[in-house]
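To keep things clear, I will list the structure first and then write my remarks on it.
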Amino acid sequence: MSTRSISNHITYKEATKSITAIRLGIINEPDDDQLLNMIEIAEKVFEPLRSGLGGDAIYISSFFRCPVLNASIGGASTSQHCKGEAMDLDNDGKFPTNKLLFRYIRDNLTFDQLINEHPDEEGEPEWVHVSYKRTGHNRGEVLESYRDDGKTKYRHV
C-alpha cells in the first residue's frame, strides 16, 4: 500500500508519514473511509491549489493522523486530521509562501475550514490548516489562531 498515490503530487507514504509515529512505534494507517477522504481533499483542494499557483511544490507538514498519533502530539480529539479530512501546509518562506497558499484557498477553493495559523505582523502564517469534507456541508469557515496566556485560541476573520 505504501506505493499507492493519494493524488498526482501526494504519495501515500508522505500523506501518512510522521516522525512522532515512527519514534513511538505508532502505526499511522487510514481505513478505507479515511483514505477516500484523503483522496477527496487532495483532488478538491491540494491539486487545484498547486496548479493555481503555477505548479510549484507545496510541502504538507501534516496530513493523516490516526487517533493514537493525534493524542500523542496533543491534537484535539475532534481533529479532522483523524478523519483524513485535513492537511497542514508549510512552505517555510519558499514560493508560494504560506500567505499566498492561505489567500488562494480562501479566494478560489471550496473548503470546510481554513486557518491562518499564528500569523506574524505581516500576516504570514507559521503554517496553513485546511480541511474538506467528502460528505456533508463544507462550511467555508475562515479562522486565525493566536496565542493568549500561552494557549492557542481562534477568531473568525
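The values are calculated or read from the model by the stated rules, or taken from the named source; none is laboratory data. On a predicted model such as this, the values are computed, not experimentally measured, just so you know. A quick note on method: Cβ atoms are made from the backbone with ideal geometry, for glycine too, and the neighbour counts reach across all protein chains shown.
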Any residue at all in segment 98-106 that's without any contact (Cβ under 8 Å) to a residue 40 or more places away in the chain, touching a Lys or Arg at 6+ places or on another chain (Cβ under 7 Å), of a type outside the set (D, E, K, R) and assigned to a helix (DSSP H, G or I)? no
Which one is farthest from GLN80 (Cα to Cα), of the residues in segment 138-157 that are charged (D, E, K, R) and touching a residue at least 24 places away in the same chain (Cβ under 8 Å)? ARG147
Sort out which residues of segment 7-21 are under 26 Å from THR110 (Cα atoms), more than 14 Å from the chain's Cα centre (by Cα) and either without any contact (Cβ under 8 Å) to a residue 40 or more places away in the chain or in a helix (DSSP H, G or I) (or both), and write them in order of number. ASN8, THR11, TYR12, LYS13
Filter segment 22-48 for residues that are assigned to a loop (DSSP other than H, G, I, E, B), out of contact with any Phe, Trp or Tyr (no Cβ under 7 Å at 6 or more places or on another chain) and not acidic (Asp, Glu) and give the result. GLY25, ILE26, ILE27
Within segment 49-70, track down each residue that is part of a helix (DSSP H, G or I), of a type outside the set (A, V, I, L, M, F, W, C) and under 19 Å from ASN108 (Cα atoms). ARG50, SER51, GLY52
Reported set for segment 74-94 where residues are modelled with pLDDT of 95 or more and hydrophobic (A, V, I, L, M, F, W, C) is CYS82, ALA86, MET87, LEU89
Name the single residue that is surrounded by the most Cβ atoms within 10 Å (Cβ to Cβ) among those in segment 38-62 being in contact with an Asp or Glu (Cβ under 8 Å, 6 or more places away or on another chain) and of a type in the set (Val, Ile, Thr). ILE41
Working only within segment 119-137, note down all residues that are within 15 Å of the chain's Cα centre (by Cα) and free of Cβ contacts under 8 Å to residues at least 40 places away in the same chain. PRO125, GLU126
Going residue by residue through segment 71-81, is there one that turns out to be more than 14 Å from the chain's Cα centre (by Cα), in a helix (DSSP H, G or I) and not charged (D, E, K, R)? yes
